[in-house]
1. 5 Å is the cut-off here: which amide hydrogens, built 1.01 Å from N in the peptide plane, fall below it relative to Ile158, excluding neighbours closer than 5 in sequence?
2. Who wins for biggest fluctuation among Ala176, Ala91, Ala12 in a Gaussian network model of the chain, springs between alpha carbons below 10 Å?
3. Where Rh denotes the Kirkwood radius from the mean inverse Cα pair distance, what is Rg over Rh for region 79-148?
4. Report, ordered by chain and residue number, the aspartates and glutamates lying within cross-link reach of Lys37, taken as a straight Cα distance under 20 Å and ignoring same-chain residues fewer than 8 apart.
5. Taking θ = phi - 60°, what integer Hz values does the Karplus form 6.51 cos²θ - 1.76 cosθ + 1.60 yield along region 141-158, in sequence order, with x for Gly and Pro?
6. Just to be sure I understand: if I project the alpha-carbon convex hull of region 53-103 onto a plane and average over all orientations, what area do I get in nm²?
7. Which lysines, if any, have their Cα less than 25 Å from the Cα of Lys109, not counting same-chain residues under 8 positions apart?
8. Please report the relative contact order for the chain, taking Cα pairs under 8 Å with a sequence separation of at least 6, and give it as a percent rounded to a whole number.
Amino acid sequence: MTAQLGGTISPADGLTLTRVGYGAMQLAGPHVFGPPKDRDRAVSVLRAAVDAGITHIDTADFYGPVVVNEIIKEALHPYPEDLHIVTKVGARRGADGSWIMSRHPEDLKAQVHDNLRHLGVEALDVVNLRLGDVDTPNEDSLAEQFGALVELRERGLIRHLGLSSVSAAQLDEALAIAPVVTVQNLYNLADRQDGTLVERTAAENIAFVPYFPLGGFTPLQSETLSKVAARLEASPQQVALAWLLRRSPNIALIPGTSSPEHLRENIAAASLTLPDEAVAELDGIVG
């Protein structure tokens with residue numbers, strides 16, 4: 001694996017991911033709804049990501065909806081053998097673009113089949129079960145929902161299982177049912193409420209994939225971050241990504257962009273070395 005991507009991590013259950021991946025959410029239209037303004041540009045960004053050595057693409061059939069998975073298929077199918085497409089289930093979109101949580105076991109199974117069809121594959125590499133709100137996991141039991149995905153895994157339609165927006169207790173419950181290879185929760189330089197879960201997943205050989213690594217719909221803003229970036233002659237976004245890579249060896253990043261220039265910038269973040277004094281300054285940032 002290329003050094004510029006920061007190497008790889010190998011979570012439990014035999015999955016290997018590049019530590020710098022690509023989040024495809026921004027390939028949809030505004031507010032992750034409808035088609036992109038420039039579909040050809042979206043296709044070219046995906047191909048550039050794979051050409052650069054990225055083997056970890058994050059998506060969901062409710063991005064668009066459907067639009068992003070269809071663009072991924074157009075750009076990359078037939079998929080390279082080492083490419084891992086990670087998707088999520090647990091939500092649908094309303095006709096007005098609203099986000100509708102949909103976690104009934106039978107609908108979760110239907111969502112898996114939607115992903116299979118729109119991506120053009122016979123089995124999904126990883127399916128994350130999305131549970132809590134974007135920034136607030138709940139403590140509801142996941143046994144019935146996770147069990148539905150385990151059933152599809154046993155049928156060969158899913159290779160690996162993950163969780164998204166979950167609590168430590170929910171991870172305990174899931175692990176008692178089946179192996180978990182990824183946890184995808186909100187975590188970045190300014191929002192570190194899941195620090196303990198980062199450390200736990202590292203100890204248990206589970207990949208921790210922070211969504212919104214650059215702040216999401218509200219980009220990270222910090223005077224300290226800007227000052228550190230200026231000294232290092234890097235962008236604040238690169239510094240924020242480099243901080244996450246240094247934070248824990250099990251962290252895998254999925255920054256998203258529809259811009260080839262930003263894609264190159266994100267990839268280059270893996271080669272950015274943060275001096276200890278810079279890390280100390282960044283560690284002092286609180287959201």
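1. Leu124, Arg153
2. In the Gaussian network model the winner is Ala176.
3. On the Cα set of region 79-148, Rg over Rh gives 0.99.
4. Here the aspartates and glutamates satisfying the reach criterion relative to Lys37 are Asp61, Glu70, Glu74, Asp96, Glu261.
5. After applying 6.51 cos²θ - 1.76 cosθ + 1.60, I find 5, 10, 4, 5, 5, 5, x, 5, 6, 4, 4, 5, 5, 5, 8, x, 8, 10 Hz.
6. 4.0
7. Once the sequence-local lysines are set aside, what remains near Lys109 is Lys73, Lys88.
8. Result for the chain is 20 percent.
Just so you know, all these numbers are worked out from the coordinates, no wet-lab data involved. This is a predicted model, so every value here is computed, not measured. Please note: Cβ atoms are built from the backbone with ideal geometry, for glycine as well, and neighbour counts cover all protein chains shown.
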